[in-house]
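Just so it is clear, none of the values below were taken in a lab; they were calculated from the coordinates. Keep in mind it's a predicted model, so treat the numbers as computed, not measured. Cβ sites come from the backbone with ideal geometry, for glycine too, and all protein chains shown count toward neighbours.
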Amino acid sequence: MIPALPIERMLPHAGAMVLVDEIVYADPMRIECVTTSHRSAGFPLALDGRVSSLCGIEFAAQAMALHATAADPRHRPVAGRLASVSDVEVLCERLDDRPGPLRIEATLEAASGRGSAYRFSIAADGEVLIRGRALVMRENAP
């Protein structure tokens, strides 16, 4: 089910704000992505050269957007907004000090015409760094 489109065409983001490098797995309920963008010079979410683990929420949001786009038969970006996050566990202080790639996983828990609820996690080298739940509302939903 992984579409053969560049990530940049599947997200409403552009340039350096495209944080996900690759989709490694996707099915109707789950997506797994990887990235090394957290180590890039000039990373757009860095503050004084440091990337807070809370930036993992944006990585997860982009994985959720990719999941929605992959599920659309036309593979067009699905406009939406992160409405809420909950049950967030921050298990490290920062992401930029992780030498390996980040693994981003989002699992669909519930969906309707108005939005979707996901459980997400960001891990590196088998260690979970941040996890939680998110509610994404579709724009122009009925």
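Here are a few things to note about the model shown:
- Stokes-Einstein translational diffusion, the chain - Kirkwood Rh over all Cα pairs, 0.890 mPa s, 25 °C, in µm²/s: 163 µm²/s
- Counting charges near ARG50 (Lys, Arg +1; Asp, Glu -1) among other residues having Cβ under 13 Å from its Cβ returns a value of -1.
- Helix 56-71 and the long axis of the chain differ in direction by around 30°, with both axes built from C-alpha atoms.
- For the chain, relative contact order (Cα pairs under 8 Å, six or more residues apart, normalised by length) works out to 25 percent.
- Positive contributions from Lys and Arg (+1) and negative ones from Asp and Glu (-1), summed over other residues with Cβ under 10 Å from the Cβ of ASP97, come out at +2.
- Model label zone, TYR25; criterion: amide N under 12 Å from point 7 Å along Cα-to-beta-carbon; scope the range 54-73: none
- Ordering of 90-97, 58-65 by packing [mean C-beta count within 10 Å, highest first]: 58-65, 90-97
- Overall, the chain carries a charge dipole of about 460 debye about its Cα centre when +1 sits on the Cβ of Lys and Arg and -1 on the Cβ of Asp and Glu, all other atoms neutral.
- Ranked packing of 47-55, 118-126, most packed first, by mean Cβ within 10 Å: 118-126, 47-55
- Mean residue ellipticity, 222 nm, helices only, the chain: the sum of -39500 (n - 2.57) across DSSP H runs of n ≥ 4, divided by residue count and rounded to 500, is -4000 deg cm²/dmol.
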